[in-house]
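Chemist: Mind looking over this structure? Questions follow.
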Amino acid sequence: MGPLELLVVAFWVMLPAYVPNNAAVLAGGGAPIDGGRTWKGRRILGDGKTWRGTIVGTLVGVGVAYVLNVFQPTAVSALGFSVPTFPLAAMITLPLGAMLGDMTASFVKRRTGRNRGAPLPGVDQLDFAVMALALTAIVAWEWFVAVFTVALLVVVLIVTPVLHVVTNVLAYLFGFKHEPW
Ligand code: CTP
Ligand code: MG
């Protein structure tokens with residue numbers, strides 16, 4: 001695969017993991033998942049992780065994977081190279097993993113004394129992608145190894161933080177987010 005093809009495939013295959021966090025920002029609010037509970041004097045997850053944001057984010061991600069599957073043949077003929085379709089397992093693990101990764105980072109942030117919204121550079125930009133990939137590797141191993149070459153994984157780990165920074169700064173500028181990270 002050439003560089004352009006790698007970039008396009010990386011974006012295509014990760015889109016079901018990219019969209020949930022942004023959907024959660026738009027849908028968020030309501031009851032926090034930790035129900036306000038604390039552990040050692042600090043919130044378990046905090047008010048930034050809500051049921052509504054997590055459920056809507058996951059469902060939107062599944063919907064994105066479904067739409068990509070529908071348009072895959074069109075994309076392949078338009079692009080002139082192949083992009084993957086998502087098996088049911090990956091349709092679920094990519095968005096769910098993204099949400100769980102973001103949640104795990106919040107758990108770690110609270111344990112290390114960081115309040116809701118505090119940045120954790122590096123982790124904020126990759127938590128969701130790493131967990132989405134890990135959960136997908138566990139649940140859909142054959143698809144994972146067929147799609148993710150080492151080169152593609154490297155591109156994903158470079159492109160993801162760039163896209164994360166850009167989308168979050170935009171979300172902040174448009175008033176959807178409290179902080180630009
Ligand atoms: N959000 C949500 N549920 C999630 C993830 C995000 O409702 N599982 C919503 C919340 O309204 C949250 C906003 O999206 O405030 C921004 O997400 P994020 O930056 O991940 O949360 P923070 O508020 O910064 O909290 P944390 O420090 O725990 O990351
Ligand atoms: Mg945040």
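Just so you know, all these numbers are worked out from the coordinates, no wet-lab data involved. The shown structure was predicted, so the numbers you read here are calculated from the model rather than taken from an experiment. In this analysis, Cβ positions are derived from the backbone assuming ideal geometry, glycine residues included, and neighbour counts consider all displayed protein chains.
Chemist: Set the Förster distance to 22 Å, then compute FRET efficiency between LEU79 and LEU163 from the Cβ-Cβ distance, nearest 0.05. Walk me through the numbers on the way to the answer.
Modeler: Values: r = 19 Å, r/R0 = 0.88.
It comes out at approximately 0.70.
Chemist: If r is the Cβ-Cβ distance from TRP39 to LEU88 and R0 is 41 Å, what FRET efficiency results, to the nearest 0.05? Mind dumping the intermediate values first?
Modeler: Details: r = 35 Å, r/R0 = 0.85.
That gives a FRET efficiency of 0.70.
Chemist: Only Cα pairs under 8 Å and at least 6 apart count here; give the relative contact order of region 3-173 as a rounded whole percent.
Modeler: Numbers: 233 pairs, mean separation 44.6, N = 171.
Averaging sequence separation for qualifying contacts and normalising by length gives 26 percent for region 3-173.
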